[in-house]
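Everything below concerns the one structure shown next.
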Amino acid sequence: MRVAIVTFPGSNCDYDCYKAFRDVMGVDAGFVWHEERSLDDPDAVILPGGFSYGDHLRAGAIARFSPVMDSVAEFAEKGGLVLGVCNGFQILCEAGLLPGALVRNDSRQFRGETVRVRVENDASPFTSEYRRGQILRFPIAHGEGSYVADDPTLDGLEASDRVAFRYVDADGRATAEANPNGSARNIAGILNERGNVLGLMPHPERAVEELLGSTDGLGLLRSLVGSLAEAAP
Amino acid sequence: MSEFAVEVRVVPRAGLLDPQGNAVEHALRSLDFKEVADVRVGRLIRLNVEAASAEAARERAEEMCRKLLANPVTEDFRVEVA
């Protein structure tokens, strides 16, 4: 089993992903430079956090046209598991692999803190180790994390159970105060129609050891690795 | 073929929260420009485009907007050819 981590100029969470998969999960992980045309047949693809191309124009707008992205789209098309974290989520939206877009936080601040999210879908390959309604603590670190989409898109996401995570308070309520960036309907992460592409702004890969303040990200990594193991012949 | 100076204006879509615009509006009002409202901050992209005609240059620039320069989910654009 091998996980490919795509590195763009400006990615800065690529090693966090690498360490989380290799050291914590014991999975073979490797980097793929954005100029590569092939992913070399991985079992899952991670688009890590960071500031690809300096976030120039819009976050993720330029990375979306990196040569490697054709292979990522093809991989997703074939049903391969693709996880986009933070800048990776922005890139997936820009690439049209996920609907909507991420815009500047309504607070106008870069937010770097630990937030709470509620698991809204526990049936996806990324969330099967959680239970619906479970509250997790994940770190965030972003200036452009406000999820926007038109109402029909948002209604569609809700109706098809594709909102994976929502920002909530300690009591599990999706209040405005618990929403760190002004995301529509407190959305923190979404799935594509088929359920094989997940984008989220919080960083599960930075919540995998007690030292980091939370181990709640382990469930996501275990879900992903578990579904790969199940899929393997 | 000739070269045309093209200006592309990209602005946040109406109805979409524009924190940058809000910040500028607050600053202006605190400087006593109380008459301002609805400040939106967008982006001006100026480029030269080689094309057979001004219309052709516009068409290419609009294509650039749809593909890269603007995000149709969050932004509107306007193209002006000098």
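The values are calculated or read from the model by the stated rules, or taken from the named source; none is laboratory data. Model, not experiment: these values are computed from the prediction. Virtual Cβ from ideal backbone geometry, glycine too; neighbours counted across all protein chains shown. The area values use the complete protein model at the heavy-atom level, side chains included, leaving out ligands, DNA and RNA. Shrake-Rupley method; radii C 1.70, N 1.55, O 1.52, S 1.80 Å.
At-a-glance table
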quantity	calculated
Within segment A:171-183, considering residues that are among the polar types (S, T, N, Q) and out of contact with any helix residue (DSSP H, G or I) (no Cβ under 9 Å at 6 or more places or on another chain), the one surrounded by the fewest Cβ atoms within 10 Å (Cβ to Cβ)	A:Ser183
Test: B:Arg40 is in contact (Cβ under 8 Å) with a residue 24 or more places away in the chain, touching a helix residue (DSSP H, G or I) at 6+ places or on another chain (Cβ under 7 Å) and not small (Gly, Ala, Ser)	yes
Out of A:Gly84, A:Gly54, A:Gly88, A:Gly50, sole residue that is more than 10 Å from chain B (Cβ to nearest Cβ), within 17 Å of A:Gly145 (Cα to Cα) and open to solvent by 30 Å² or more (accessible area, probe 1.4 Å)	A:Gly54
Pairs, first within 14 Å of chain B (Cβ to nearest Cβ) in segment A:101-116, second among the hydrophobic types (A, V, I, L, M, F, W, C) and assigned to a strand (DSSP E or B), C-beta under 9 Å, six or more apart	A:Ala101/A:Val148; A:Leu102/A:Val148; A:Val103/A:Val148; A:Phe110/A:Ala141; A:Arg111/A:Ile140; A:Arg111/A:Ala141
Residue list for segment A:37-58, filter: acidic (Asp, Glu) and modelled with pLDDT under 95	A:Asp40, A:Asp41, A:Asp55
Sole exception among (1) out of contact with any His (no Cβ under 8 Å at 6 or more places or on another chain); (2) within 22 Å of B:Thr74 (Cα to Cα); (3) surrounded by 20 or more Cβ atoms within 10 Å (Cβ to Cβ) for A:Val168, by number	(2)
